[in-house]
1. For Ser204, project a label point 7 Å along Cα to C-beta. Then give me every residue of the range 128-159 with its amide nitrogen under 13 Å of that point.
2. Between beta-carbons, use under 10 Å as the cut-off and find the net charge around Pro5, counting Lys and Arg +1, Asp and Glu -1.
3. Using a cut-off of 14 Å between beta-carbons, work out the net charge of the residues near Phe268 (Lys and Arg +1, Asp and Glu -1, Phe268 not included).
4. Would you kindly derive the ³J(HN,Hα) couplings of the range 176-188 from the backbone phi angles with the Karplus curve 6.51 cos²θ - 1.76 cosθ + 1.60 (θ = phi - 60°), listing them in order in whole Hz, with x for Gly and Pro?
5. Principal axes first, then extents: for the Cα atoms of the range 217-260, list largest minus smallest coordinate on each axis, whole Å, largest first.
6. So for the pair Ser284, Thr119, with labels modelled 7 Å out along Cα→Cβ, what separation do we get in nm?
7. Please compute the net charge surrounding Gln22, taking Lys and Arg as +1 and Asp and Glu as -1 over other residues with Cβ under 10 Å from its Cβ.
8. With the radius of gyration and the Kirkwood radius both derived from the Cα set of the range 87-132, what is their ratio Rg to Rh?
Amino acid sequence: MSVKPKILVTGSNGQLGKELKQLESSFPQYEFVFLSREDLPIHHFELLRNFFKGYHPQYLINCAAYTAVDRAETEKELAFQVNAEAVGVMAAVCKEYNTKLIHISTDYVFDGTATKPYTEEAPTNPQSVYGASKLEGEQEALQFNPDTIIIRTAWVYSEFGKNFVKTMLKLMSEKEEISVVADQVGSPTYAANLAQAILAIVSSANWQPGIYHYTDEGIISWYEFALAIKEITGSTCRVNPISTTAYPTPAKRPAYSVLDKSKIQKTFGVVTNNWKSSFAVCLSKLK
Ligand SMILES: NC(=O)c1ccc[n+]([C@@H]2O[C@H](COP(=O)([O-])OP(=O)(O)OC[C@H]3O[C@@H](n4cnc5c(N)ncnc54)[C@H](OP(=O)(O)O)[C@@H]3O)[C@@H](O)[C@H]2O)c1
């Protein structure tokens, strides 16, 4: 009897975790185990170690993260514990058990002052606690297990969890007029596409460790994204552009969050999708 390679997914109740779960039946060659925060709080290091001792997964896709960007400014310790320290422990345990680790990181490791898409080698300079904790997570992962693959992504949305799309849909259904920041640009990324890219890498049998960038294609502002949501849903809500200074937040956001995807495309043959057609797919699922 052949034994299927096991894929462990942490943070499985988040946007990305749930999209990976949706793909489970398309990858029957693997045995998936999905663990939510309640099942495996990754900052409880002994639980993490014990789980590996009993289970020995061939792959770990770490979707668990402290993602409350603004709250992180006042919960620094917890943000670093989950996004940095736990990732280091996870990487070390993966090394010990010969488990291949895919860890997810963020555009917030950059300061957003670039004028052309960030490559993986571009200098990092996080401007928030969340960004700094995620950068330290990348460093810890590669320090404790250089065989790790890190995928930085940005502007993630899906039909699951909390995200910009769902916030806009709610606001547009409740209000006659909303204001949305127009001077921050990026590439809206459907979590289902990211999940597909991750499993394409796992199943490619071409493991090339290092940092990679992945988002959907296209560059728009949050305001333009809101306009697209209004247009596709036929909402009558008025959408006004505002500047970042008119919408102050505890954590600073990068003004330019565009990532260069050529490395992941060339290395793994990963296909990146147009943001608007991907968004239409997500909306059709939300309806
Ligand atoms: N969302 C974005 O726009 C974005 C952009 C760039 C990068 N990323 C990165 O992409 C990855 C996936 O993000 P996402 O959008 O799927 O985030 P998400 O929806 O917030 O999911 C994160 C999951 O991690 C869980 N979690 C939090 N603390 C944990 C802990 N100590 N132990 C175990 N699980 C824990 C959360 O549990 P609960 O469900 O119980 O809260 C949640 O289910 C993260 O690494 C994030 O930093 C996201």
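1. The answer is 149-151.
2. Net charge in that neighbourhood comes out at +2.
3. Within the 14 Å Cβ shell, the charges total +3.
4. For the range 176-188, the Karplus curve yields 8, 8, 9, 10, 9, 4, 10, 10, 10, 10, x, 10, x Hz.
5. Projected onto the principal axes, the Cα atoms of the range 217-260 cover 31, 29, 13 Å.
6. For Ser284 paired with Thr119, the spin-label model returns 3.7 nm.
7. That works out to 0.
8. On the Cα set of the range 87-132, Rg over Rh gives 1.12.
Read-outs throughout are calculated quantities, based only on the coordinates presented, and are distinct from any laboratory measurement. What you see is a predicted model; the values in this text were computed from it and never measured. Here the Cβ is made from the backbone with ideal geometry for all residues, glycine too, and neighbour counts use every protein chain on show.
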